[in-house]
Amino acid sequence: MAQRIYLDRKWRFFKEFSEELTSELSDRGQVVDLPHTVETTPYSSFDESIYQKVCCYQKMIYAPNQWKDQVINLTFEGVAHYFQVYINGNLVGDHACGYTAYTIDISDSLVYGKENLISVKVDSNETLNQPPFGFVIDYMTYGGIYRDVYFEIQNRARIKDIYFQPNLLERISTNKRSTKQIMAMKPQGILKSSCHFSEEVFDLAFEEKAFIRQYMDDQLLFSQPVSGLEKEEGGYILSLSSAPTPVKLWDILSPSLYTIKTELLIDDQVVDSRIDTIGFRTSEFTKNGYYLNGRKVKIRGLNRHQSYAYVGYAMPESMQRQDAKILKEELGLNGVRTSHYPQSQYFIDECDRQGLLVFTEIPGWQHIGDEKWQDQALDNVADMILQYRNHPSIILWGVRINESQDNDEFYKRTNELAHKLDKTRPTGGVRANKKSSLLEDVYTYNDFIHSGDNEGCDKKENVTSDMEKPYLITEYNGHMYPTKPFDDEIHRQNHLLRHAKVLDSVSEQADIAGSFGWCMFDYNTHKDFGSGDRICYHGVMDMFRNPKLAASVYSVYSEVDTELTVTSSFDVGEHPASVRGESYILTNADSVKMYKNGTLLKEYFPGDSPYKNLPHGPILIDDYIGEELTKNENLSERTGKIVSLILNQVALKGYMMRPELLLKALYLRVFCNIDMKKATAWYNKYVGDWGAESREYKFSAIKDGKVVKSITKSDSKECFINTRISHTLLTEWHTYDVAQVRISIVDQNDNRLYYYNEPIRFKVDGPIEIIGPDVVSPIGGATGLYIKSKGKDGDGTITIQSGSCPDVIIPVSVECLLER
């Protein structure tokens, strides 16, 4: 088995490159661990030029004599954006993509028995003639060696690559009583593997000395001489005709995974082995929608950038996995688009584990460059597919530059290459134009038709001329309605309703495979975009992954927790003319009971939502009175209902009443002696808060007849710091670990105080340090903190302080599994 040695520790970083750094070790550089960013940035209001530079990394490596007869591959998982690798002053390779891995055989470049100098020249300028550069880009691209670096030491007779192609033939059992059906599959023809060997194995194969074995979860699947395998270009095909047990499907409901161990034997000795994790599933886009394991699934996802506050792309494994967990567990999604480039293997691996459907694509944003640029894009297609094609979560390859114009000659090449390298997945190409040239298998389109008071999405027939091919919406909302966490309540609620409207429309149209909203969280961007502070406020979460109101449109689909959101604080001064206006309940419970000062006003049910195609659509709060007015004012039931109806309408819409309500008001005046003065007094008493005792509204979510969650809304009297930490045990293996702390300021009822502005201070003790500043201002009543382990075992604390809020102290621990 290949021995992997991570090289993430103790690099020397030089902000300015000079030629002597390629051949001479210097102690002038800053000692850094990977992932690393060339420049730590402020949260906002900075210029993208600060990370655009040519810099250098150095590291000394001892190559023992035992490596002499082996193959030494050096892999960089991600370096932004063009880099050259030098060994002892000699240029050994370069790579012109900041989003795919690069592996180079350095066996003949090392001096064995001695120390060797590895130098990496990194160019993070956005003037490079390679994707995604060439024109404006709606995201910052950062710089640095921001993913893992490692050696892999192998025998010369070795397995170079395996491409797994699960082939499920026959369903043998289905649990029809459960919507969470998991189908077992007959093991006939269940797995095809394309196995590529080194040249040494080809030579030995003819002498029948090479043997191949495969195990699935430690059970033997396959055992045969290499000479007896079916040949294909560059390798051999392993076709499994039987398996020891039926397999469980990889599914969004139950993402079953299997470990496949492949061994290469020479003269009955194992000379190489590798372990892969795969899933068995069928995935099909049709003109009628998307089908997973034969079951129609409406894809419901968001777009995700791989950036973080302060450090850009440079976050370790735990934070990559954390984003996938947020998408699935907190936002209740079943899909994600990796906009606009391939992302961390850790992130995609966690999508495998979580059951998220992934649409991944080549780097680019609108611009198509010259011939050299396009050739590099072809290389990016190949790298993307070869590096990610064994992930069961990936269902679609994006082989078109995001939102670019038609270029049939170019895109014929990208599609042909994709189909050659992976015959099991379709291609898509994200465009912003209707009726454009369709060379891909799926028409993938950014639909920004919804503007707040119109249809949520366009019909398929209006977008594509080819109704026989599948159709998928890849972006919506986003720039159509930027929403800051500190925007007023009406704006934040409208943001939520726009997301709900699009989802409702997509759900209504059976021939739309699904949709990916723009986007998961806010992100830093260039001057041409955003709100003047270098931030695009397009996310349903802020940059620290704190949810905005719109996040609840998705989180109600979560199967982890009972979700309950009420969109208003019920502070009338927040609304124009002090009109309460519309407010909504979002929940995945069976019903929600609304109380005022302990008295039940109304019980709301999912069917009350005007979004009839959503199982958990927003429900309008339309009754602030209940039966109180009728009982307390000794009115008849009929009169009380009319008065309550009018007053509730005034609460929602102000005094601009519908004509039929004006007639009812006239009836009350003439026949019931209820004039405007009396009606106003009743409004203030039962609906408004002017000069009266403060109201307390309570919302109780009911599931299976029991209260499972409650929200209380009343006047704020105290403030507290609320925290949510990703993990309290930071574990170091081959590099540092990072924990994410999401912070919000809340009142005594745990309601977020969106306009709280007191500074928030951080202090840490123990083997941890803060990434970014130790004093911040909350943004919309929330902020975040990243803490980083320092390479020592031990316990520590995070102390968070702000204004009159009680201090919060979070205990954490660091465990180092390997020495630095």
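Data for the structure
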| item | result |
| --- | --- |
| ASP267/MET60 FRET efficiency (R0 35 Å; Cβ-Cβ; nearest 0.05) | 0.40 |
| Tensor-based shape of the stretch 294-364 (alpha-carbon gyration tensor, a/c under 1.5 rounded, otherwise prolate or oblate) | prolate |
| Between the stretch 756-778 and the stretch 577-645, the alpha-carbon center distance in angstrom | 42 |
| Under Karplus coefficients 6.51, -1.76 and 1.60, residue-wise ³J(HN,Hα) of the stretch 725-738 in Hz, glycine/proline x | 9, 5, 6, 9, 9, 8, 10, 9, 10, 9, 7, 5, 10, 10 |
| 1.4 Å probe accessible area per residue over the stretch 568-722, in Å² | 53 |
| Set of aspartates and glutamates with alpha-carbon distance to LYS790 below 12 Å, sequence-local pairs under 8 removed | ASP33, GLU732, ASP737, ASP765, GLU769, GLU815, GLU819 |
| Prolate/oblate/rounded call for the stretch 717-777, Cα gyration tensor, a/c under 1.5 rounded | prolate |
| Convex hull volume of the stretch 289-411 per residue (C-alpha atoms, cubic angstrom) | 131 |
| Added length on full extension, which subtracts the Cα-Cα distance from 0.36 nm per residue, LEU652 to GLU637 | 3.2 nm |
| ILE490-ASN129 FRET efficiency (beta carbon distance; Förster radius 45 Å; 0.05 resolution) | 0.45 |
| Estimated distance in nm for a label pair at GLU758 and ARG28, the labels positioned 7 Å out from Cα along Cα-to-Cβ | 4.8 |
| Stretchable slack from ASN684 to LYS296, in nm (0.36 nm times residue separation minus alpha-carbon distance) | 134.5 nm |
| Square roots of 5 times each gyration tensor eigenvalue, C-alpha, the stretch 208-312, largest first, Å | 35, 21, 15 |
| The stretch 718-734 and the stretch 376-419: distance between their alpha carbon centers, rounded to Å | 38 |
| Under 21 Å from the Cα of LYS459 - lysines, other chains or at least 8 residues apart | LYS287, LYS296, LYS298, LYS434, LYS435, LYS469, LYS501, LYS612 |
| Convex hull per residue volume in Å³, alpha carbons only, for the stretch 452-498 | 82 |
| Of LYS664/LYS709; LYS484/LYS717; LYS678/LYS706, pairs whose Cα-Cα distance is over 31 Å | LYS664/LYS709; LYS678/LYS706 |
| Over the chain - Rg/Rh using Cα atoms and the Kirkwood inverse-distance radius | 1.01 |
| Residue-wise HN-Hα coupling along the stretch 462-470, computed from phi with Karplus coefficients 6.51, -1.76, 1.60 (Hz; x: Gly, Pro) | 8, 9, 10, 7, 9, 6, 7, 9, x |
| Set of lysines near LYS209 by C-alpha distance (under 27 Å), chain-local residues within fewer than 8 positions excluded | LYS68, LYS160, LYS192, LYS231, LYS261 |
| Separation of the LYS459 and ASP765 label points, Cα + 7 Å toward Cβ, nm | 6.8 |
| For the stretch 507-569: span of alpha carbons on each principal axis (Å, largest first) | 38, 36, 22 |
| Förster radius 56 Å - calculated FRET efficiency between HIS419 and ASP795 (Cβ-Cβ, nearest 0.05) | 0.55 |
| For the chain, with +1 on Lys and Arg beta carbons and -1 on Asp and Glu, the positive-most of GLY626, ILE771, ASN415 along the dipole | GLY626 |
| Charge dipole magnitude, Cβ of K and R +1, D and E -1 - the chain, Cα centre, debye nearest 20 | 2760 |
| Solvent-accessible heavy-atom area per residue, rounded to whole Å², over the stretch 1-65 at 1.4 Å | 48 |
| Carbon/sulfur fraction of accessible area - the chain, other protein chains in place, 1.4 Å, % | 47 |
| Cα principal axis extents for the stretch 49-128, largest first, Å | 45, 20, 16 |
| Between the stretch 261-286 and the stretch 351-374, the Cα center-to-center distance that results, in Å | 26 |
| Size of charge dipole - the stretch 349-392 - debye, nearest 20, with Cβ of Lys, Arg +1 and Asp, Glu -1, no other charges | 160 |
| In range of the label at ASP571: residues from the stretch 545-561 whose backbone nitrogen is under 17 Å from the point 7 Å along Cα→Cβ | 549 |
| Virtual spin-label span in nm between LYS192 and TYR6, 7 Å along Cα→Cβ | 3.7 |
| Cα lying deepest toward the dipole's positive end in the chain, options GLY640, SER578, PRO225, charges on Cβ | GLY640 |
| Phi-based couplings in Hz for the stretch 503-516 (Karplus 6.51, -1.76, 1.60; Gly and Pro marked x) | 4, 5, 5, 5, 5, 6, 9, 5, 8, 9, 5, x, 7, 10 |
| The stretch 383-431 - charge dipole about Cα centre, Lys and Arg +1 at Cβ, Asp and Glu -1, debye rounded to 20 | 220 |
| Length gained when the stretch GLU815-SER694 is fully extended (0.36 nm per residue, less Cα-Cα span) | 38.5 nm |
| Against the rule of thumb 2.2 N^0.38 Å, how large the Cα Rg of the stretch 336-389 comes out | 1.25 |
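The values are calculated or read from the model by the stated rules, or taken from the named source; none is laboratory data. Keep in mind the model is a prediction, meaning the values are calculated, not measured. Please note: Cβ atoms are built from the backbone with ideal geometry, for glycine as well, and neighbour counts cover all protein chains shown. Quick note on the areas: whole protein, heavy atoms, side chains included, nothing else; ligands and nucleic acids left out. Shrake-Rupley method; radii C 1.70, N 1.55, O 1.52, S 1.80 Å.
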